[in-house]
Each structure stands twice: as structure tokens, then as C-alpha cells.
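The values are calculated or read from the model by the stated rules, or taken from the named source; none is laboratory data. From a predicted model like this one, the values you see are computed outputs, not experimental measurements. Quick reminder, even Gly has a Cβ in these numbers, built from the backbone with ideal geometry, and neighbours come from all protein chains shown. These accessible areas exclude ligands, DNA and RNA; they are computed on the full protein's heavy atoms, side chains included. Shrake-Rupley method; radii C 1.70, N 1.55, O 1.52, S 1.80 Å.
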Amino acid sequence: MVVGNDALRRTAAEVLERRHQPILAAYRQRLAAASDDFEGAAGLIDSYTAQADALLRETTSEIRRETDPLSTPPPVVSTEDVELHPRECFRAVVALADIVLADALEQSAGKPDQSGILALVADALTRTTLTRLADASSRYAAGLMNEVHQAQIAERSLIARELHDRLGHSLSAAYRNLEAHELAQERRQDDVDRRVVIARESLHDAVGYLRVLIADLRLSQPLGSLDEALANFLSTVETGEARLHTEINGDESWVPPEVLDEVFLVVREALRNAVAHAGARVIHAVIDITPHELRATVADDGVGFDVAAARDGSGLRGMAERAAVVGGRLAVRAAGHQGASVELVVPLLAVEAGVGR
């Protein structure tokens, strides 16, 4: 930072203020002449000029500031309605700086404090332009990430539609025909071919897995609410004689959206497994959220299972992988015929620090 006395700062600021409009006019002419070289600049000259106007005002304020700029936050920069590649922003800023410094050199010619004026203008202009360039780069990167995310959503939706409309229809039709054939055999009191029964059961499982896959593909937007997502899921589940309870304690706003997504998928899979295989009377899901930790437990009073054998399956492995993605851990317990539990623990402070990413 270049330090100048109050008089020198006032002189430098006054030079920039007095030449504000002529500088903008020269800058606009430079942009118009270079519109063929700036990608899409012909339609953005007004936006460039508006940004230059704000930048000159910020530079003037920076010159007048008496405190050390490193001890105070930079000015808030707004680039609303301006979506530019950082390279184009940099080229536009270079063009503006060239005009500003040339003008300041001309206006301070012959003055004994010319070098001090130029140093103050150059220093302030550098700081404000770097702030704007950093903001433009961040906004551009965020825009690209959003475009990638939207493309992923569109692709996943397309895959889900294709699976539903093509494969799903065929599987459902085959299942219904086998079911009808089995019923017809029973009505005629004929023995039902065991192979038909096996084929029907296999198709039933295939249709169920397909629905799960389609639901997973369509879960591509961050959850608005974990409580609401679980309620929507439970409204579609046939629980038979099992009673299913869910409970969420704590504030969901303490949990990053991407973590909520993974927690929901793990809890949903655990609930689905319990409903399908536990033979339970009661299935209880509890999610406790504190500022430092999220703990989700799905427990049932069913028949239990062999944990070692189950770990080889895709269900538990998938849940463990999702837990690891957000820096969490999965614990599975099953004691004979005394039911089973799946517990997910995610340290939220570790998630914020980037653990597991």
C-alpha cells in the first residue's frame, strides 16, 4: 500500500473525480473499437461501462481511505446481470487501467507531487480491480458448476424416464401375464409349474429394484427438508403389519444440504431393508442433530440377520460408502432374533472442514 499525506490523497482523489466522465467516455470508445476482439462485447458495452463507473467510484473511495486497507474488508462488489468469462473481465480491466493511468499522468504533469499522485491512483486501482476480478472468477466458476449440475439432473431424469417407459413397462407386463397364468392354473386346480412361480417372484423383485433405481436417479436436487422427504417416502411404502415411526430432533439448518441428501438415502435404504426382510412389528427411525454431530438410527424388533454375510451385499456396502462420502461411519448390529439396528454418525464440524471429500 502506498501511504500519502491527507493533502496528497485529496489531490489524487480530486483528479480522479474530475476526470470521471471523460475516462468513462474514452473507455466506452475503446470498447466499441475493440468489440470484434472481445467475445460478445458488442452486446455488453453498457454492462462493462456500468462496472467501470462503479470501479472508478470505489477507487476514489480507496484513495481517500486513511486506514490500512489490509485491516478492513474490501468493498462489497455487485456484478448482477453481468456473466462474463474472467478472461474478458481481465482484458476489460486492463483497458480501463490503461486509460485511467494515462489520464492521471496527463493531469498531474508538471506538479511536484506527480509521482505520489500516480502511485496512489495505481495502488487504489489495483486493489479494487483485484477484488472485482476475484468476484467475477468466483461467480463464473459457480455458474459453470450450476450448469454441470443441471446437465447431470437432465441426464439422470432422461435415464429414469427411459427405464420407466421402456424396461419398466416390459417387466410389469411380463409379471402381470405370469401372475394371470398362475391364477388360471389354480382355478383349474392344476399344479402350478414351480418354474412359473420362480419367474414371477424374480420379476416382482426386478420391478421393485427398478423402482428404487428410478427413485434414486430422480433424487438429484438437494433436499428441502429431511423430515418432509422421509414423510413422502413413508407414504409410498407398504409396511404390512409393521408399525413404522420416525423422529427428528434438532435443527436441520446445522447440516449442509449435501449431507442431508446422503443421510436421507442411508436412512431410506435402512427402512426399506427393515420393512422387506426384518419381519418386525415395530421399526423406529431416530435422527438427532446437534451443531457438531448428526446421528441417525434405524432399529427394528424383527428376526435379525447375519451381519457378516449381509456385508457382502450391495445394500449395506452402499450405505457405508455414502457414510464415508460425508466423513461419517456406519455401524450395523443384529443379535440373533432380537432385531437389528443401523446407526449412521456424521461429525458435522469435520464435514465443514472438508473431511471425507
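Being open to solvent by 70 Å² or more (accessible area, probe 1.4 Å), at pLDDT 70 or above and not hydrophobic (A, V, I, L, M, F, W, C) is a description that applies to Arg91.
Taken together, the criteria exclude Thr79 from residues that are hydroxyl-bearing (Ser, Thr, Tyr), modelled with pLDDT of 70 or more and surrounded by 15 or more Cβ atoms within 10 Å (Cβ to Cβ).
Conditions (1) open to solvent by 70 Å² or more (accessible area, probe 1.4 Å); (2) of a type in the set (A, V, I, L, M); (3) modelled with pLDDT of 80 or more; (4) assigned to a strand (DSSP E or B), marked per residue:
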residue: Ile198; (1), (2), (3), (4): yes, yes, no, no
residue: Ala229; (1), (2), (3), (4): no, yes, yes, no
residue: Asn232; (1), (2), (3), (4): yes, no, yes, no
residue: Thr239; (1), (2), (3), (4): no, no, no, no
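Against the test of being part of a helix (DSSP H, G or I) and either among the hydroxyl-bearing types (Ser, Thr, Tyr) or at pLDDT 80 or above (or both), the options Leu70, Leu133, Leu125 yield a single qualifying residue, Leu125.
The one condition from (1) buried (at least 16 other Cβ atoms within 10 Å of the Cβ); (2) more than 18 Å from Arg18 (Cβ to Cβ) that Asp103 does not meet is (2).
Inside the range 325-334, residues that are modelled with pLDDT of 90 or more and in a helix (DSSP H, G or I) make up a count of 0.
Take the residues in the range 27-42 that are open to solvent by less than 70 Å² (accessible area, probe 1.4 Å), in a helix (DSSP H, G or I) and farther than 15 Å from Leu55 by Cβ; name whichever of them is modelled with the highest pLDDT. Among residues in the range 27-42 that are open to solvent by less than 70 Å² (accessible area, probe 1.4 Å), in a helix (DSSP H, G or I) and farther than 15 Å from Leu55 by Cβ, the one modelled with the highest pLDDT is Ala32.
For the range 157-171, the condition holds for at least one residue, the condition being that it is open to solvent by 30 Å² or more (accessible area, probe 1.4 Å), in contact with a Ser or Thr (Cβ under 9 Å, 6 or more places away or on another chain) and at pLDDT below 80.
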